[in-house]
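Working notes, structure below.
All of the numbers you see were taken from the coordinates with simple rules; none came from a lab. Note that the structure is a prediction, hence the values are computed from the model and not measured. Every residue, glycine as well, gets a Cβ built from its backbone with ideal geometry; the counts of neighbours run over all protein chains shown.
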Amino acid sequence: MPVTTAPIDSAKASHPVAKPGILDIEAYKPGKSQVEGVADPLKLSANENILGSSPKAKAAYRDAVESLNVYPDSRATALRASIAQRYDLEPERLVFGCGTDELLHLINQVFLEPGDNIVQGQYAFGAYGIGAKACQAEVRSAAEPNYRIDIDLLLDLVDERTRLVFITNPANPTGTFTTQAELRNLHARLPPNVVLVIDAAYAEFCTDPAFTDGLELARNADNIIVTHTFSKLHGLAALRVGWAYAPGPIADAIDRIRAPFNVSIPGLAAAVAALADEEFQEASLNLVERWRPYFVQQLGGIGLEPVPSAANFVLVGFPKTPGKSAAEAEAYLAKRGYIVRGVANYGLPDHLRITIGLEEHNRAVVELLTEFMKA
Ligand SMILES: Cc1ncc(COP(=O)(O)O)c(C=O)c1O
């Protein structure tokens with residue numbers, strides 16, 4: 001049966017009709033994981049943790065197999081306590097989701113009515129806009145000069161129908177970050193009825209003293225939500241565990257509409273164990289800190305334009321010249337077993353986003369791109 005958004009009166013239609021705008025939404029495109037004709041390609045396209053996951057988290061996951069017959073703890077009591085303690089947060093203000101992805105959707109649902117708008121940067125992570133459009137809200141994107149969020153340009157787009165402003169910190173796919181001073185400035189100038197959402201999915205990879213994941217601002221604000229994930233530093237992307245720290249009434253609202261058992265028992269157990277495994281977290285951060293500058297330096301030396309990154313990936317600019325383009329480089333790497341991310345769907349057709357891998361992967365990618373640029 002066809003689902004259509006054609007302008008017909010849904011009450012009179014003879015078949016189900018999606019809400020206006022739904023079929024105009026471009027679905028989220030996950031990073032590729034397969035290449036035709038290549039047996040076992042390495043995926044450097046989804047910013048996953050190349051070290052895998054914490055051995056302690058894996059053990060907790062295995063133990064959880066004995067509980068597959070019961071529903072999870074809807075309150076995520078143990079994980080709530082662990083996160084509250086680790087980050088010095090009020091436990092009641094935490095909300096948990098099936099990945100940050102679900103929380104971002106829920107935040108949109110809680111606030112947006114048709115005709116409202118969200119404000120974001122031009123290269124914003126796709127999930128914000130998808131969720132907003134599903135609520136029939138408008139998505140406003142401010143230019144990002146030099147691949148960075150510009151607070152003034154964001155604020156220029158805020159009007160009386162703006163309900164949410166999204167900042168990814170550090171940002172995906174650019175890898176740049178918004179400083180603590182900039183966030184404070186943005187927050188101070190936002191109307192108090194607008195919610196600032198800080199998506200800190202990659203925050204643990206940024207150790208710059210000017211950086212903040214926003215929690216220090218959120219603690220005393222009525223209109224800041226910070227989201228975090230176990231998918232990146234903790235390497236638990238498969239288990240889908242995200243959390244948000246929100247003002248009490250907002251946490252309450254999100255909790256009312258979420259699915260009651262949205263985080264599984266294995267996910268909850270593994271997340272608690274991962275949070276306690278500082279050795280694994282340190283190894284993951286060290287790897288990124290060791291190889292991030294290597295990519296930037298090496299790729300800059302062969303005529304490419306890497307954007308200095310604060311996350312576990314690097315955005316790289318390619319020439320427009322035929323034979324040297326980003327799309328051709330992506331295909332060249334894929335054929336040789338390395339899948340990286342084309343980001344044309346983010347409005348960056350001349351860039352690729354490359355997740356930082358192990359030493360041998362990083363060296364191989366640099367070597368291949370050097371060959372590619374010389375050819
Ligand atoms: C900026 C950003 N936010 C959120 C997510 C989603 O994270 P999760 O795995 O917790 O749903 C991602 C995943 O890549 C991301 O890049």
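Go through SER82, ASN172, GLN109 and say which Cα lies farthest out towards the positive end of the charge dipole of segment 73-195; charges sit on Cβ, +1 for Lys and Arg, -1 for Asp and Glu.
Projecting each Cα onto the dipole axis, the largest value belongs to SER82.
Measuring from centroid to centroid over Cα atoms, what is the spacing of segment 48-93 and segment 164-230 in Å?
With segment 48-93 and segment 164-230 each reduced to a Cα centre, they are spaced 24 Å.
Helix by helix through the chain, keep the DSSP H runs that span 18 Å or more along the axis on Cα and average at least -0.5 on Kyte-Doolittle, and give those back in order. Provide the component values of the computation, followed by the final result.
Values: long enough: 99-111 (19 Å, 0.35); 278-300 (33 Å, -0.64); 359-374 (23 Å, -0.46).
Span-like helices in the chain: 99-111, 359-374.
In percent, how large is the relative contact order of the chain, given Cα pairs closer than 8 Å and 6 or more residues apart? List each step's numbers first, then the result.
On the way: 722 pairs, mean separation 83.3, N = 375.
Worked out over the chain, it gives 22 percent.
Cross-link partners among lysines for LYS133, C-alpha distance below 19 Å, same-chain residues fewer than 8 apart left out?
Correct list for LYS133: LYS19, LYS29.
Just to check I understand the Karplus step: with θ = phi - 60° and J = 6.51 cos²θ - 1.76 cosθ + 1.60, what whole-Hz values come out for segment 342-356, glycine and proline as x?
Computed from phi, the couplings for segment 342-356 are x, 10, 4, 5, 9, x, 10, x, 9, 10, 10, 10, 10, 6, 6 Hz.
Just to check I understand the Karplus step: with θ = phi - 60° and J = 6.51 cos²θ - 1.76 cosθ + 1.60, what whole-Hz values come out for segment 302-315, glycine and proline as x?
10, x, 9, 10, x, 8, x, 10, 10, 10, 9, 8, 10, 8
Using +1 at the Cβ of each Lys and Arg and -1 at the Cβ of each Asp and Glu in segment 218-346, identify which of TYR346, PRO260, THR227 lies farthest towards the dipole's positive end.
The residue sitting farthest along the positive end of the dipole is TYR346.
Multiply the residue separation of ARG256 and LEU51 by 0.36 nm, subtract the distance between their alpha-carbon atoms, and state the gained length in nm to one decimal. Each step should come with its number before you reach the end.
Working: separation 205, 0.36 × 205 = 73.80 nm, distance 3.64 nm.
Gain on extension, ARG256 to LEU51, equals 70.2 nm.
Compute the signed sum of charges (Lys and Arg +1, Asp and Glu -1) over the other residues within less than 13 Å, Cβ to Cβ, of GLN136. Intermediate values should be presented prior to the final figure.
Details: positive: LYS19, LYS133, ARG161, ARG163; negative: ASP24, GLU113, ASP116, GLU138.
With Lys, Arg at +1 and Asp, Glu at -1, the neighbours total 0.
For segment 334-373, which trypsin sites (Lys or Arg not before Pro) pass both filters: DSSP loop (anything but H, G, I, E, B) and at most 11 other C-beta atoms within 10 Å?
Details: sites: LYS335, ARG336, ARG341, ARG353, ARG363; in loops: ARG336.
Sparse-neighbourhood loop trypsin sites (Lys or Arg not before Pro): none present.
Which value, in debye to the nearest 20, gives the size of the charge dipole of the chain about its Cα centre, when Lys and Arg are +1 and Asp and Glu are -1 at the Cβ?
The dipole magnitude comes to about 640 debye.
Fewest first, what order do ARG75, ARG163 take by the number of other Cβ atoms within 10 Å?
On the way: ARG75 13, ARG163 21.
Ordered from fewest to most neighbouring Cβ atoms within 10 Å, ARG75, ARG163 come out as ARG75, ARG163.
Using the 10 angstrom Cβ neighbour count as an exposure proxy, how do ASP222, ASP350 rank, fewest first?
ASP222, ASP350
Determine the distance separating the Cα centre of segment 355-375 from the Cα centre of segment 253-324; give it in Å without decimals.
So the separation of the two Cα centres works out to 18 Å.
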